[in-house]
Amino acid sequence: MREPETFDAFYARTVSSVTSQMHALAGGDPQADHAIREAYAQAYQQWYEVSGYRDPEGWVLDTANEAFERRREQPTAAPLASDSGTWPGMYRPRTGTGSPAGDANATVTSRGNGRSGRPENPYPASPYPSQAPQPTAALADGAAGAGPAWSAAGPGHASVGAGPAWPPQPVPGTLGAGSPGTTAPVWRSWAGQAGGRRQLTAIVAVIVLLVVGGVAYLAFGRGKAGPSASTGPPAPVTGQAGPHMLPAGHTGTLASVPWSIVRSGWTLADFSTGQPTPGGQPTGGSTTTFLVDPEGGKYEVYQWPAGSNPQLLAWSGDTEHALFIGNGGYQLLTLHGLPGSGQVVPLDIPAGVTVAGFTRPDGTNILAVRQGPLFNKLQRFSLAGQLQPPGTIADMPRRSVQGTLQGSCSSSICGALSSPTGIYAVWGLRGDEMQLVSNAGGLIRRLHVPGSGNPPSCTPVSWWSQNTILADCSAPGPVGLQLRLWLVPDDGATPTPLTLASGSPSGVGFFTGAWQVAGRVYATTTSGAECSGAPSGPGGLAIMDVSQGTPAQLTVTGSTGNYSDVVGSSDGRLLVLAQTSCPVSSSLLWLDPLTGATQSLLQAPADQAGVTAAVTWGLGPPATAG
């Protein structure tokens, strides 16, 4: 568990970043300053609770954006002038007059925000002010008009079957870090900026107004946590008419889903009633997609036609859409919030394009890789399958991988992730370095990882934190190709190895994903354990504690021990898709990695295949049954 942080330190650490991002999202509207002040007032009043959230900075930004939208919708007697001379605007970092140090990997120069008649944003949220295009509301989550520019960080898909790595857990000193120069405690910085008794008196008055305003704000019913606030599953509500979860084991319909409380710990899962087979592919039966709450209640959101063979790939951050592959192509299921809820439509993506997942934070577009004879291209498509501006975001040459030309963008050689804010993306192809690119188009920098082969070779797996990427990189060894998991800062700083080099020519021993829970690191690794009669070859998956020394395998009570794929984590537990009987019946369960205790969420009878794929609300790819 991380050390508690005072509100003073939190404000000093985050105010620059939050102010910058809100001004970018608001397009210069002076209402942004008022919304920021309102959000920090609420955080101050609720600090005992907010300080325990997984991402307090994201919660403040989300709250500020909600306040901005509400203020913008309310008519005012006269336009509000910018309060950049008051809290919090007066504490923004000043733009320097000198040029920052050069970056050998950076190739994009600063641009305007692309909005005619508005000045370039002087407070970029990006940690790359001299290289990255300035973020705007239009760039986040896709092209202009594509949808809201901010919500809680939504899910993405690193690469199909690449091994899950959700959710991003805090790494001390990195998650939500603000801009340099904002490390002094806030109260001391306020007093230091007061030029005399008059200024200090004015500042004290501002503090009083802030506290009083926060109390009044809560009195009007705005004291609830936003979507990014939850540190774990929301508690069930009983005996109330408001939104609440179903009791464990109960089943509801799509119309009964309490969408307003759906967040961390909620999971979409495909469940097959087909006969299990040693090879893992069920025969006969039907497939239902369920939404499963953290306590084990489930909601039937879609019943697939007989003969369908869908595979769940991703869930959008606004919770409105789910992405599947099967039945000849990609398909979108509308879950709620739009006309056509509960219906599936084809996602008409051109041939040769592999979908990586939804853009972030809301999922209003699709991030994909187009394969060409000489180059692979990173592109963004609308949910109707239309190529979005600027067309190609970035490209990489197709290279030879172990003597053969890269084929389809499969999980082993290709990965692409939208950043948590949606302003950037990171992608990589086996045989080349990862690239951090702007959503507006253009390379920001190559992310070099030492000892990752010649040529260097890395692909992204997931976002480990808001500014750090979990990457799977080559690690040449005495027995041929090996792989190693690294934590790679997106600002070009020195990466940190997370695991030792792993893997063998037989395909056993490769680490495929990692999570941090209760101060320990757990990773999934390939194995040769399988049900009797299964095809030969590595088909197993195990969960290992890699926190220190030699990796130790976890025991998943109630499973066969052959295959356990981590879907995500919440409230100090791992959410696991585990093989619970042979031949290949799989169930969804919670695992306490410290005690070994398990809790069943979606149990498969021995004569049914059960859960075939699952994805939790968050930032990671899906898990699939072995």
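Is it true that Thr524 is closer than 23 Å to Thr616 by Cβ and among the β-branched types (Val, Ile, Thr)?
Values: closer than 23 Å to Thr616 by Cβ: yes; among the β-branched types (Val, Ile, Thr): yes.
Yes; evaluated as a whole, the condition is true for this residue.
Restricting attention to segment 409-464, and to residues there that are of a type in the set (S, T, N, Q) and at pLDDT below 90, which single residue is nearest to Gly568 (Cα to Cα)?
Initially, segment 409-464 is screened for residues of a type in the set (S, T, N, Q), giving 410-412, 418-419, 421, 435, 438-439, 452, 454, 457, 459, 462.
So of that shortlist, the ones also at pLDDT below 90 come out as 410-412, 421, 439, 454.
Working: Ser410: 22, Ser411: 18, Ser412: 20, Thr421: 20, Asn439: 26, Asn454: 33 Å.
Going through the qualifying residues, I end up with Ser411.
What strands (runs of 3 or more DSSP E), lying completely within segment 433-514, carry at least 3 residues that are touching a residue at least 60 places away in the same chain (Cβ under 8 Å) and over 15 Å from Gly415 (Cα atoms)? Even if it seems obvious, please write down each step before you answer.
Values: elements: 434-438, 443-447, 458-465, 468-474, 483-489.
Here the list reads 443-447.
Residues of segment 276-332 being within 15 Å of Ala356 (Cα to Cα) and in a loop (DSSP other than H, G, I, E, B), which ones?
Ser316, Gly317
Residue by residue through segment 333-354, note down the ones that are touching a residue at least 40 places away in the same chain (Cβ under 8 Å) and surrounded by fewer than 22 Cβ atoms within 10 Å (Cβ to Cβ).
To start, the set of residues in segment 333-354 that are touching a residue at least 40 places away in the same chain (Cβ under 8 Å) comprises 333, 335-337, 341-342, 344, 354.
Matches in segment 333-354: His336, Gly337, Ser341, Gly342, Val344, Thr354.
For segment 250-275, how many residues meet the condition of being in contact (Cβ under 8 Å) with a residue 24 or more places away in the chain and in a loop (DSSP other than H, G, I, E, B)?
Filtering segment 250-275 down to residues in contact (Cβ under 8 Å) with a residue 24 or more places away in the chain leaves 250-254, 256-257, 259, 261-275.
Filter once more, so that each one left must be in a loop (DSSP other than H, G, I, E, B): 250, 257, 262-266, 273-274.
Residues in segment 250-275 being in contact (Cβ under 8 Å) with a residue 24 or more places away in the chain and in a loop (DSSP other than H, G, I, E, B): 9 in total.
Just checking, which of Thr283, Thr273 is over 26 Å from Gly337 (Cα atoms), surrounded by fewer than 16 Cβ atoms within 10 Å (Cβ to Cβ), of a type outside the set (Phe, Trp, Tyr) and touching a Gly at 6+ places or on another chain (Cβ under 8 Å)? It would help to see each step written out before you state the result.
Numbers: Thr273 fails: surrounded by fewer than 16 Cβ atoms within 10 Å (Cβ to Cβ).
The unique qualifying residue is Thr283.
Only residues that are among the polar types (S, T, N, Q) and modelled with pLDDT of 75 or more: list them for segment 230-273, please. Even if it seems obvious, please write down each step before you answer.
We begin by selecting, within segment 230-273, every residue among the polar types (S, T, N, Q); these are 230-231, 238, 240, 251, 253, 256, 260, 264, 267, 272-273.
Once the filter is applied, which keeps residues that are among the polar types (S, T, N, Q) and modelled with pLDDT of 75 or more, segment 230-273 yields Thr251, Thr253, Ser256, Ser260, Ser264, Thr267, Ser272, Thr273.
Let me spell it out: the conditions are (1) over 30 Å from Ala255 (Cβ atoms); (2) touching a Phe, Trp or Tyr at 6+ places or on another chain (Cβ under 7 Å), and Gly342 meets all of them except one. Which number is the exception?
Failed condition: (1).
Would you tally the residues in segment 372-391 being outside any loop (DSSP other than H, G, I, E, B) and surrounded by fewer than 19 Cβ atoms within 10 Å (Cβ to Cβ)? Break it down into steps so the answer makes sense when it comes.
Step one: list which residues in segment 372-391 are outside any loop (DSSP other than H, G, I, E, B), which gives 375-382, 387-391.
Checking the rest, the ones that are also surrounded by fewer than 19 Cβ atoms within 10 Å (Cβ to Cβ) come to 375, 377, 382, 387, 389-391.
Count: 7.
All but one of (1) part of a strand (DSSP E or B); (2) under 22 Å from Gly415 (Cα atoms) hold for Leu575; state the number of the condition that does not hold.
(2)
In segment 472-493, how many are in contact with a strand residue (DSSP E or B) (Cβ under 9 Å, 6 or more places away or on another chain) and either closer than 22 Å to Trp427 by Cβ or hydroxyl-bearing (Ser, Thr, Tyr) (or both)?
15
The values are calculated or read from the model by the stated rules, or taken from the named source; none is laboratory data. None of the values given here were measured: they were computed from a predicted structure. Note that each Cβ is placed from the backbone with ideal geometry, even for glycine, and that neighbours are counted across all protein chains shown.
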